[in-house]
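Colleague: Quick one: the structure is below, questions incoming.
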Amino acid sequence: MTQICKIEIDGRAYDATSGESLLTTLHRHGIVVPALCHHPGLSCPATCRSCVVHVEDAQAERHVVTACNHSVSAGLILHVLDEDSQQLRSRALAQLLQRHQMDCPICEAAGECEFQEAVAGHGPQKQPHELHGATARLQLGTRLIFDAGRCIQCGRCARFEDEVSGTQQLSMQGRGGDIDVVVAAAGVDHALGGNLVDLCPAGALVDPESTSLPPTWTRRSVDTVCGGCGTGCAIRADIDDGGRVVSLRPRNDEQVNGWWMCDHGRYESDADHEDRLALPEPPSPDPETAWQVSIDRLKRRLMQPRSAVWLSPFLTLEEAFLLIEAAQGWGARLFQWAPPEAREQSFPGGFKISACAAPNATGLQRLLAESNIQAGSTADLQGAIADKQVGQLLMCGGGPAGGRPPIKRDDIVFVAAHDLTGASTADLLIPASHWLEKDGTFLNQTQQLRRVRPARRTASGHTDLELMLALAGRADTTAGQVFAELVERFAWLEGNSYAQLDADARTQPSGVAAGGAWMDSLQRQRLLVIEDPAR
């Protein structure tokens, strides 16, 4: 049970939680101290000494402690912003700076570097700089480079490899100023490797492709959920000034992904598609009316007997709800397809990669069950086709890499495909939205409801929500209004709203953001300011 106690910080009384770290308490009250070896998702050895503060005992004598690994107790008296404490932190940063290669103007981490921010706010004003140690850049993996000259030996990478991924492909050896990062002979090759770049506070671990990205302070960000699998990691999409998504980073969600995300979601689930559909096919003589002409054609076909709709686990709850409503109005049979199952991957730190390769399979199943709708499987659809019970079929919403199970067309008169690309041989192709273009909600494999936001415009200019509204014969409305209708209709959603989901996740729907989940969290607490030139 949480116990609230009183403590004193620099002469002022504060409420604190007994047993939590001093650093957490300071941050909660908006008091900034650097902590370059600390990460809340890892153990805390207090090696960098950059978070030191003074604690006053019963005899009014001061003792130096590290805030990251000392706990709060009732009656504690802290001195944080006095000159002596600030000087101690400044000296600790100066020592780290002696071992750090000064190449901020060309560093890939400039603008989202914790060390840079710490030195600027708490470090020495002047210091003769000396370079020590190696300056080699080593290729550790396909998306990972180690720049030894920038390493400040904080140990975060080694602790992550030991405690979270369990691979131990990076480790620390030596003592004091002679500590070195040691890499396994085969380099770093595991499914969580991208988190090492997020973790590094000094730009020593770098994604080589980040050199081509625009500067951090020019990017905007949108909070959303990864659609790469059923885990449903909280992520942040970083967007350049042209509206292009340039990177995906994890956000902290203790109930789902903690501080991490996998490399598949980070690097592969938004692969570029050269043949991305921009207009329905076959093409209409008038591109301006092509969308409406195709919708009208699809509705006329699906209103005929022996129609079927094949639902996708890549639809949001809102989109699936509208499409189910439309299908019932047409008298069409409903089927749902399941993505191919992979082996679930579990890691020592508790992170899991779902065996389900779609983000809303659980949500679709629950929506159908709560609506008392019996939807057939892919095998049932194949059987119905073989028995000539399907004359018209809408195949809905494949994932970023396709992924929809194959079916034999046989004697189906009309097939419409709702897809990202034009790879299908259907009679009618309608452009679909990638999950980075969706507005709505997903229900992940552990029944956690999460908000999905669009990070960019669709290739066609029309969203899946607009398509489903048109198919259901509804007027244009927002995803939020459709969700409010879902909440009214289904007891399992009672008490939810977009505003509540945002509040629970402490989201920042748009704005400048930088770094991995830990820096992102500091920024959301207003403990770290990334300048926005547009303001």
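The values are calculated or read from the model by the stated rules, or taken from the named source; none is laboratory data. Bear in mind the structure is a predicted one, so any value in this text is a computation, not a measurement. Using ideal geometry, Cβ is built from the backbone for each residue, glycine included, and neighbour counts are taken over all protein chains shown.
For every residue, the table says whether it meets (1) among the hydrophobic types (A, V, I, L, M, F, W, C); (2) farther than 27 Å from Gly331 by Cα; (3) in contact (Cβ under 8 Å) with a residue 60 or more places away in the chain; (4) crowded, with 20+ Cβ neighbours inside 10 Å.
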| position | (1), (2), (3), (4) |
| --- | --- |
| Thr441 | no, no, yes, yes |
| Gln447 | no, yes, yes, no |
| Val452 | yes, yes, yes, yes |
| Ser460 | no, yes, yes, yes |
| Asp464 | no, no, yes, yes |
| Gly473 | no, no, yes, no |
| Ala479 | yes, no, yes, yes |
| Glu488 | no, no, no, no |
| Gln500 | no, yes, no, no |
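Colleague: Restricting the range 303-318 to residues that are within 20 Å of Gln382 (Cα to Cα) and crowded, with 23+ Cβ neighbours inside 10 Å, which is nearest to the chain's Cα centre (by Cα)? Lay out the reasoning, then the answer.
Modeller: To start, the set of residues in the range 303-318 that are within 20 Å of Gln382 (Cα to Cα) comprises 304-313.
With crowded, with 23+ Cβ neighbours inside 10 Å added as a condition, the list becomes 308-313.
On the way: Ala308: 35, Val309: 31, Trp310: 29, Leu311: 25, Ser312: 22, Pro313: 19 Å.
Out of the qualifying residues, it is Pro313.
Colleague: Looking only at the range 414-426, count every residue that is at pLDDT 95 or above and in contact with a helix residue (DSSP H, G or I) (Cβ under 9 Å, 6 or more places away or on another chain) and tell me the total.
Modeller: 2
Colleague: Can I ask one more? Out of the strands (runs of 3 or more DSSP E) lying entirely within the range 1-112, which hold 1 or more residues that are surrounded by fewer than 18 Cβ atoms within 10 Å (Cβ to Cβ) and either without any contact (Cβ under 8 Å) to a residue 60 or more places away in the chain or on the phi > 0 side of the Ramachandran plot (or both)?
Modeller: 4-9, 12-17, 52-56, 62-66
Colleague: Kindly provide the set of residues from the range 270-302 that are in contact (Cβ under 8 Å) with a residue 60 or more places away in the chain, charged (D, E, K, R) and outside the structural domain of Ala384 (by TED's automatic domain parsing), ordered by number.
Modeller: Of everything in the range 270-302, those that are in contact (Cβ under 8 Å) with a residue 60 or more places away in the chain, charged (D, E, K, R) and outside the structural domain of Ala384 (by TED's automatic domain parsing) turn out to be Asp270, Asp275, Arg276, Glu281.
Colleague: Spot the failing condition for Asp270; the list is (1) in a helix (DSSP H, G or I); (2) touching a His at 6+ places or on another chain (Cβ under 8 Å), and only one is missed.
Modeller: Asp270 satisfies every listed condition except (1).
Colleague: What's the number of the condition Arg524 fails, among (1) surrounded by fewer than 18 Cβ atoms within 10 Å (Cβ to Cβ); (2) modelled with pLDDT of 90 or more?
Modeller: Every listed condition holds for Arg524 apart from (2).
Colleague: Could we say that Ala202 is without any contact (Cβ under 8 Å) to a residue 60 or more places away in the chain and either assigned to a loop (DSSP other than H, G, I, E, B) or aliphatic (A, V, I, L, M) (or both) here?
Modeller: no
Colleague: Which condition does Ser433 not pass, out of (1) under 29 Å from Asp238 (Cβ atoms); (2) buried (at least 23 other Cβ atoms within 10 Å of the Cβ); (3) in contact (Cβ under 8 Å) with a residue 40 or more places away in the chain, if it passes all the others?
Modeller: Among (1) under 29 Å from Asp238 (Cβ atoms); (2) buried (at least 23 other Cβ atoms within 10 Å of the Cβ); (3) in contact (Cβ under 8 Å) with a residue 40 or more places away in the chain, the lone unmet condition for Ser433 is (3).
Yes/no matrix, rows are residues, columns are (1) at pLDDT 90 or above; (2) in contact with a Gly (Cβ under 9 Å, 6 or more places away or on another chain); (3) surrounded by fewer than 16 Cβ atoms within 10 Å (Cβ to Cβ); (4) part of a strand (DSSP E or B):
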| residue | (1), (2), (3), (4) |
| --- | --- |
| Gly149 | no, yes, no, no |
| Ala158 | yes, no, no, no |
| Asp162 | yes, no, no, no |
| Gln168 | yes, no, yes, no |
| Met172 | no, yes, no, yes |
| Gly177 | no, yes, yes, no |
| Asp189 | yes, yes, yes, no |
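Colleague: Same structure again: Leu81 fails exactly one of the following numbered conditions: (1) farther than 19 Å from Leu528 by Cα; (2) more than 29 Å from the chain's Cα centre (by Cα). What is the number of that condition?
Modeller: Of (1) farther than 19 Å from Leu528 by Cα; (2) more than 29 Å from the chain's Cα centre (by Cα), only one is false for Leu81: (1).
Colleague: In the range 355-407, which residues are in a helix (DSSP H, G or I), touching a helix residue (DSSP H, G or I) at 6+ places or on another chain (Cβ under 7 Å) and within 27 Å of Ile295 (Cβ to Cβ)?
Modeller: Passing the criteria: Gly363, Leu364, Leu367.
Colleague: Also: Working carefully through the options Leu170, Leu213, find the one that is aliphatic (A, V, I, L, M), in contact (Cβ under 8 Å) with a residue 12 or more places away in the chain and in contact with a helix residue (DSSP H, G or I) (Cβ under 9 Å, 6 or more places away or on another chain).
Modeller: Leu170
Colleague: Look at Ala120 and say whether it is outside the structural domain of Val33 (by TED's automatic domain parsing), of a type outside the set (Lys, Arg), under 28 Å from the mean Cα position of the chain (by Cα) and modelled with pLDDT of 80 or more.
Modeller: no
Colleague: Out of all the residues in the range 303-318, is one or more assigned by TED's automatic domain parsing to the domain that holds Phe483, assigned to a helix (DSSP H, G or I) and basic (Lys, Arg)?
Modeller: no
Colleague: Another one. Considering only the range 326-348, state which residues are touching a helix residue (DSSP H, G or I) at 6+ places or on another chain (Cβ under 9 Å), at pLDDT below 95 and farther than 30 Å from Ala475 by Cα.
Modeller: Those that are touching a helix residue (DSSP H, G or I) at 6+ places or on another chain (Cβ under 9 Å), at pLDDT below 95 and farther than 30 Å from Ala475 by Cα: Ala338, Pro339.
Colleague: If you don't mind, there's one more thing I want to ask. So which of Gly329, Gly363, Gly350 ends up being surrounded by fewer than 15 Cβ atoms within 10 Å (Cβ to Cβ) and either within 18 Å of Gln448 (Cα to Cα) or free of Cβ contacts under 8 Å to residues at least 12 places away in the same chain (or both)? Spell out how you get there, then give the answer.
Modeller: Working: Gly329 fails: either within 18 Å of Gln448 (Cα to Cα) or free of Cβ contacts under 8 Å to residues at least 12 places away in the same chain (or both); Gly363 fails: surrounded by fewer than 15 Cβ atoms within 10 Å (Cβ to Cβ).
Unique residue meeting the criteria: Gly350.
Colleague: I've got another one for you. Give the range 393-413 a look and list any residue that's of a type in the set (Lys, Arg) and more than 17 Å from His434 (Cβ to Cβ), or say none. Give the steps one after another, and end with the answer.
Modeller: Step one: filter the range 393-413 for residues of a type in the set (Lys, Arg), giving 404, 408-409.
Lys408, Arg409, listed by residue number.
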